[in-house]
Amino acid sequence: MEINTQYQPLEIEKKRYQYWLDNKFFKSIPDGREPYTIVIPPPNVTGVLHMGHMLNNTIQDILVRRARMLGKNACWVPGTDHASIATEAKVVQKLKKKGINKKDISREEFLKHAWEWKEKHGGIILEQLKKLGASCDWDRTSFTMDKSLSGSVIKVFIDLYKKGYIYRGIRMINWDPQAKTAVSDEEVKHKEVQSKLYYVKYKIQNQDEYITIATTRPETILGDTAVCINPKDERFEHLKGKKAIIPLVNRLVPIIEDDYVDMEFGTGALKITPAHDINDYEIGQKHNLESINIFNDDGTLNQNAVLFIGKDRFEVRDLITKELEKSGNLVKIEDYLNKVGYSERTNVAIEPKLSMQWFLKMEELVKPAIENVGNDKIKLYPKKFKNTYNHWLNNIKDWNISRQLWWGHRVPAYFIQSTNDFVIAANKEEALELARIKTSNNSLEITDINQDEDVLDTWFSSWLWPMSVFDGIRYPNNEDIKYYYPTDDLVTGHDIIFFWVARMIIAGYEYKNQYPYKNVYFTGMVRDSFGRKMSKQLGNSPDPIKLMEKYGADGVRIGMLFCSPAGGDLLYDDKLPEQGRNFSNKIWNAFRLVKQMEINRNATQPFYTKVAIDAFDAKLQKVIKTLDKQFELFKISEALMTIYRFFWDEFSSWYLEIIKPPYGEGIDQKTYDTTIMFFEQLLKILHPFMPFITEEIWHLIKERDEKDSIMISDMPKYIDSNEDIIEKYDRAKEIITELRRIRKEKSLPYKEKLNLCVKIDEKKYDNLFNDIIIKLSGLSNIEFIDTKIDKAVSFIVKTVEYFVPLGDLVNTEEELKKLNKDLDYTKGFLMTVLKKLNNERFVNNAPEKVVNMENKKKLEAETKIKALEEQIQNLLT
């Protein structure tokens, strides 16, 4: 067979992915097997693949491929989110380039453009995921505005409204002046910024006196309707019940008292602007103050401001400061560090605003979500996020679910003309019937009702995702939802624990009385090597497609996982995928080495290969057992390192070296067949991590049927093995390593055979691996002695002393230096062990096996110390 000297990832990846698609290996339909289900966190339809997607979807693919190989009916549902704010912004931008302003066209025209944009750009990220190797059931691809998913959203809104959970009202909300929509509290990111604190004096009515306030937002002075002091503040005792005059606009406002005022902040007096600050709004409600909204939706000042009409809020901040200075009302300005809320979507400073919105009451709905994460019915990995989750749910506020946009699921509320009333309905025809009943007016026509202009928060559709992708909201007893729900694992970023993770749990219990998934695995953030968040502005975010072209998809996949513990940030460096590519090459070269071995069909199996096979098999079983436990605990990165080290060290560096026949001789058939079997086992445990190279080698290593894919082969299962042989094998490897060190230090070529003398009674010594030691160390003989040997280099493995006679090549000074260094280390190690064994709590509570192991370490260290001290003494005499 002609095998390429180098692994060619691009060519193989394209070929193998098409092979998987052609054979429908990713497809899942309900059957008698145990299901394994993952729903993809739907990326924004506006999105393209970034490093976070790479990490997240690699982990999902690993879990899905492993489940498939464990015999489960694995179903990974892909899809995209309509992303109201982001998509609408893209469409508005596109129209602007064509000279079209959104406000100049109808809603229907705008939505036509939006759907055109979605059809053209919406599938890009899913196609990119295919290059990564994502084994999604692409026939199940969903979009949050598909007919079935949209129907689910509307049905849930109507249901929650009927249950009394959804209401409409004027509240203080977070307003995004760029997107021109409300956003929820969870969509506001607070940043520490260097601001200014402006001290402004307000004149007291009919008095030659002023009261000074401190504010970070002088532009909102134009909306002030009160000045507030703490009733306990003696400094302002004489101003109680008086009135103040708002600078520049000369508005007369009351001086009110409230315990909310911090007497230590600023001057101890606050300006109150109920329309533009949440705390001021609450004080305004309490004291029945007027509320004056001075901002337009885009953050410019409106007619109510009286001054600076049409100018942007931040421009007005500078302008009003100058005017206050001119009028003599500006006392001073100080630098001030404070936190400002920014829209997560547009990165624009949020404007608190009073607005009529739709809200969802959360207090009752969250109770099952709190209980079932608390009792570990739903497990979070890592566990530390449990506290974050509980803190948010235990302090939850009503959810503002309406958005002032056109792209999205339109609120199913219909207003009846000439009234302040509305009905909630699935469509206009149903709404008309309800409106006629509500008004007792059968003459109402379809033109007499108008649907609410707002759409629902994007997360109001995403929270139904694990159910709606199986149409389980509209048809709660359909075959798919009964088979695939609840799903098994969710892999997502911890930054959306509130937006999405918690809300899906809430919806799951409300509509299925069941959790939506059993486990949540939180990935960390992918950052650059300096720990900075990746962004286009910093230019520190590599293009994943280019990385895959350079290092291969498998190389990038495992490169991302080399240092990516659950919930921990990944500091990305190009050395990671480079290391991944190197591992791909290592696997390929090992495969080439094995396949190019010449078989001698007449040769019998040497004893040294037989014991090497037994030892390797025992080690392989131990690895399989370790992997099972690591996957159970979602230690995905650790599982990769277990396989990586095992293949690189145990298989390539040791096993293949041991079984390699002497130069010019062929390998025996039995050893060769067993080696192929081992290679197949390794390919299987590697496959979830590195699907492309493992599939390619799977078809090259032996003749197979076209449909015999590694991805549907059985994952190796742990079989009890002789673990005692592992200890003996590792001891032999340690001896070989010491002998190789001696050769290197003394510059002794391999062809120059050495004698190894073992200071022990031969009857007490296990010589099972002697042939391997002789073969790999270039020994002529192993003999047993009962006294020390002069002019020999020595070393100790476990409790046995070994000597290599070297005559005049022995440098006493060097030997003493090495022995003393070894002695110091061993004494330090013994102290660590004794510290544990002298700890009663450890001895009484640790498993017996662990305590016994520590006692064994103690005995070995003490024996080694005694032997080292004797060797040092012998060299000195």
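Worth a mention:
- Residue-wise HN-Hα coupling along segment 181-188, computed from phi with Karplus coefficients 6.51, -1.76, 1.60 (Hz; x: Gly, Pro): 8, 6, 10, 6, 4, 5, 8, 10
- Share, in percent, of DSSP beta bridges within segment 478-582 that are antiparallel, nearest 5: 10 percent
- Apportionment of accessible area to carbon and sulfur, segment 301-377, percent (1.4 Å): 47 percent
- Cα-based shape type of segment 427-574, given that a ≥ b ≥ c are square roots of the gyration tensor eigenvalues and the cut on a/c is 1.5: prolate
- Around the Cα centre of segment 381-430, unit charges on the Cβ atoms of Lys, Arg, Asp and Glu (plus for the first two, minus for the last two) sum to a dipole of about 580 debye.
- Proximal charge balance of N600 [Cβ under 15 Å; K/R count +1, D/E count -1]: -1
- Virtual spin-label span in nm between V843 and N781, 7 Å along Cα→Cβ: 4.8 nm
- With each label modelled as a point 7 angstrom along the Cα→C-beta vector, the V249-Q207 pair spans 2.3 nm.
- Surface composition of segment 131-184: carbon plus sulfur atoms contribute 49% of the solvent-accessible area (1.4 Å probe, protein chains only, all chains present).
- L432, L111, L859, reordered so the largest accessible area comes first (probe 1.4 Å): L859, L111, L432
- Placed amide H near R527: partners under 5 Å, 5+ positions off or other chain: L570, L571, Y572
- Annotation note: GluC sites (Glu not before Pro) in segment 1-100 located in DSSP loop regions with a Cβ neighbour count of at most 13 within 10 Å are E2.
- A cut-off under 10 angstrom between Cβ atoms defines the neighbours of I283, and their net charge, with Lys, Arg +1 and Asp, Glu -1, is -3.
- Cα gyration tensor shape of segment 390-474, rounded if a/c is under 1.5, else prolate or oblate by comparing a/b with b/c: prolate
- Distance-filtered residues of segment 30-72 - backbone nitrogen under 15 Å, label point 7 angstrom along E479 Cα→Cβ: 30-33
- When the Cα gyration tensor is reduced to axis lengths a ≥ b ≥ c, the ratio a/c is 1.5 or higher for segment 493-629, and with a/b not above b/c it is classed as oblate.
- Stretch gain in nm, segment K622-K670, where the contour uses 0.36 nm per residue and the Cα spacing is subtracted: 15.0 nm
- For segment 306-362 and segment 754-792, distance of Cα centres in Å: 84 Å
- Environment charge of V340, counting only residues whose C-beta is closer than 13 Å and scoring Lys/Arg +1, Asp/Glu -1: +4
- Per-pair calculated FRET efficiency, R0 = 45 Å: K438 and E282 via Cβ, rounded to 0.05: 0.85
- Averaged over its residues, segment 559-653 has an accessible area of 43 Å² per residue, based on protein heavy atoms and a 1.4 Å probe.
- Mean Kyte hydropathy of -1.0 or more with a Cα span along the axis of at least 24 Å, helices from DSSP in the chain: 51-69, 575-595, 607-632, 669-686, 812-837, 848-876
- Pairs beyond 27 Å (Cα-Cα), from K717/K836; K625/K849; K821/K857; K622/K798; K518/K586; K155/K397: K717/K836; K518/K586
- Once the chain from D705 to A426 is taken as fully extended at 0.36 nm per residue, the excess over their C-alpha distance is 95.2 nm.
- Restriction of the GluC sites (Glu not before Pro) in segment 365-447 to DSSP coil positions whose beta-carbon has at most 13 other beta-carbons within 10 angstrom yields E445.
- Vicinal HN-Hα couplings computed from phi for segment 259-273 (Karplus, 6.51 cos²θ - 1.76 cosθ + 1.60; Hz; Gly/Pro x): 5, 4, 5, 8, 5, 8, 7, x, 9, x, 10, 10, 7, 10, 10
- Sites matching trypsin sites (Lys or Arg not before Pro) across segment 1-48 that sit in DSSP coil, with at most 16 neighbouring C-beta atoms within 10 Å: K24, K27, R33
- Of the residues M145, M467, ranked by 1.4 Å probe accessible area with the largest first, the sequence reads M145, M467.
- Placing a label point 7 Å from the Cα of I170 along the Cα-to-Cβ direction, the residues of segment 258-296 whose backbone N falls under 20 Å from that point are 272-296.
- FRET efficiency estimate (nearest 0.05) - Cβ-Cβ, K717 to Y336, R0 60 angstrom: 0.40
- Label separation (E34 vs D318): 6.6 nm, computed from points 7 Å beyond Cα along the C-beta direction.
- Using 0.36 nm per residue and subtracting the Cα-Cα separation, the extra length available between I309 and K15 on full extension is 99.5 nm.
- The mean accessible area for residues of segment 72-146, using a 1.4 Å probe and ignoring ligands and nucleic acids, is 44 Å² per residue.
- DSSP beta bridges fully contained in the chain are about 70 percent antiparallel.
- Residue-averaged [θ]222 nm for the chain, counting only DSSP H segments that reach four residues, each worth -39500 (n - 2.57): -13000 deg cm²/dmol
- Scattering profile of segment 617-737 at q = 0.12 Å⁻¹ [log10 I(q)/I(0), Debye over alpha-carbon scatterers]: -0.51
- When a 1.4 Å probe is rolled over the protein heavy atoms, the share of accessible surface on segment 608-685 that falls to carbon and sulfur comes to 50 percent.
- For the residue pairs K90/K120; K94/K189; K14/K707; K189/K546, the C-alpha atoms sit more than 20 angstrom apart in K94/K189; K189/K546.
- For segment 785-877, the solvent-accessible area works out to 66 Å² per residue, with a probe of 1.4 Å and every protein chain left in place.
- Distance-filtered residues of segment 345-376 - backbone nitrogen under 14 Å, label point 7 angstrom along Q178 Cα→Cβ: 345-351
The values are calculated or read from the model by the stated rules, or taken from the named source; none is laboratory data. Computed from a predicted model, the values in this text were never measured in an experiment. Using ideal geometry, Cβ is built from the backbone for each residue, glycine included, and neighbour counts are taken over all protein chains shown. To get the accessible areas, we keep the full protein, side chains included, count just its heavy atoms, and leave off ligands, DNA and RNA. Shrake-Rupley method; radii C 1.70, N 1.55, O 1.52, S 1.80 Å.
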